[in-house]
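FYI, it's all coordinate maths here, none of it is from the lab. Remember, predicted model here, so these are calculated numbers, not experimental data. Neighbour counts are summed over all protein chains in view; Cβ atoms, including those assigned to glycine, are modelled from backbone coordinates with ideal geometry.
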Amino acid sequence: QVQLVESGGGLVQPGGSLRLSCAASGRIFSVNAMGWYRQAPGKQRELVAIITSGGGTEYEDSVKGRFTISRDNAKNTVYLQMNSLKPEDTAVYYCNANLVSGIYWGQGTQVTVSS
């Protein structure tokens, strides 16, 4: 079994920054990719950013240039640095692990951007 635990969410003013962390534990073998998704009230869950086993990254268009995904393999942790936050970034952010053994999700962490 694999567990993903997110942290780092909170309330921030527009233009501010937050860094989300996702610590993975358990039977972690053969990672295809890890990523961050978000779901705003009344909307579908959407991909924010992913990082592949080879280190390649992809971003949703609205966060390009503002968000950066990274990982620390030694700690089995993936990060999402979010800068220049906007009210429309408000959502629950979920960590996702795409492993050979299956797809796993964290419990989510709330990010609220408001003045």
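Give the calculated FRET efficiency between residue 45 and residue 11 to the nearest 0.05, with a Förster radius of 22 Å applied to their Cβ-Cβ distance.
Details: r = 21 Å, r/R0 = 0.97.
Computed FRET efficiency for residue 45 and residue 11 comes out at 0.55.
In debye, nearest 20: dipole of the chain around its Cα centre with unit charges on the Cβ of K, R (+) and D, E (-)? Don't skip to the end; give the middle numbers.
Numbers: 10 positive and 8 negative charges, 31 e Å.
Using only the charged Cβ atoms, the result is roughly 140 debye.
Normalised by the residues of the chain, what does the relative contact order come to in percent, with Cα pairs under 8 Å and at least six apart?
Once normalised by length, the contact order is 37 percent.
Where a Cα-Cα gap under 28 Å defines reach, which lysines qualify for residue 75, not counting those fewer than 8 residues away within the same chain?
64
Roughly how many nanometres apart are two label points built 7 Å out from the Cα toward the Cβ at residue 101 and residue 1?
1.2
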